1. Work out the length of the dipole vector of region 68-127 about its Cα centre, built from +1 on the beta-carbon of each Lys and Arg and -1 on the beta-carbon of each Asp and Glu, and round it to the nearest 20 debye.
2. Would you tell me the accessible area of HIS122, worked out with a 1.4 angstrom probe on the heavy atoms of the protein chains, in Å² to the nearest 10?
3. Between ASN119 and LEU137, what is the spin-label point distance in nm, taking each point 7 Å from the Cα along the Cα→C-beta axis?
4. Could you provide, to the nearest whole Å², the per residue accessible area of region 96-163 with probe 1.4 Å?
Amino acid sequence: MCRSLEHLPVTCLERAKELKARFGSFLLKQELNIMGHSQKTKKLTPEDRQKWSFHELLAHKEGLCAFTTFLASEYSEENIAFYLACEDYRNTKSSSKLCAKARKIYEEFIASDAPREVNLDHETRNITLKNMEQPTLSCFNLAQSKINTLMEKDCYPRFLKSTVYQELITQHTG
C-alpha cells in the first residue's frame with residue numbers, strides 16, 4: 001500500500017484529481033437533494049427561462065441543473081459545488097457540526113492541491129484559513145462571494161450562449 005502520494009508521477013496525480021472532480025458531479029445530485037433543490041417547482045415557459053437572472057437561475061432546480069451540466073462540460077463544476085456547500089454550511093443549525101463541516105469544505109475546495117480546488121486569490125485563501133481557526137456561519141462568505149462573482153461574470157455569459165441553455169429554453173414544459 002502506498003504511504004504517500006508524493007512518489008507518484010505528477011501526471012498520475014493530475015489524472016486522479018481530474019477523476020475525483022468528475023465523480024464529484026455525480027455527488028452534486030445528492031447535494032441538491034439535501035439542500036432542498038429537489039422540491040417541485042412550478043412549470044416554466046421558455047419565455048420565463050429567457051428572463052432568468054444569474055441568481056434566479058441558481059434558485060430554480062431546472063436552471064441549477066442546466067448550469068451544473070454546463071460547468072461540468074467545461075470541467076469547472078467545482079465552482080457550483082463549492083457555492084452549494086457554502087450555502088449548506090450557512091444553513092447549519094447545530095454549532096457542534098460547524099467545525100467538521102468547515103474543515104471538510106476547506107480541505108475539498110480551498111486547500112492547496114484540494115481535490116476540487118476552486119480558483120481563489122492568495123489573500124482570500126489566507127483570510128479563509130484564518131476564519132477556520134474559529135469557524136462561524138460566515139467564515140466562507142468572502143470565498144463564496146469571489147466564486148459567485150467568477151461564475152456570474154465569466155461562466156454565466158458563456159452558459160447563455162451554450163447549447164445546454166438553448167435546450168433549456170426550448171424544452172417542452174409538458
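1. Magnitude of the dipole: close to 500 debye.
2. Surface open to solvent at HIS122 totals about 130 Å².
3. Modelled inter-label distance: 3.2 nm.
4. For region 96-163, the solvent-accessible area averages 57 Å² per residue.
The values are calculated or read from the model by the stated rules, or taken from the named source; none is laboratory data. Values in this document were obtained by computation on a predicted structure and should not be read as measured data. Note: ideal-geometry Cβ built from the backbone for every residue, glycine included; neighbour counts use all protein chains shown. Ligands, DNA and RNA are excluded from the accessible area calculation, which covers all protein heavy atoms including side chains. Shrake-Rupley method; radii C 1.70, N 1.55, O 1.52, S 1.80 Å.
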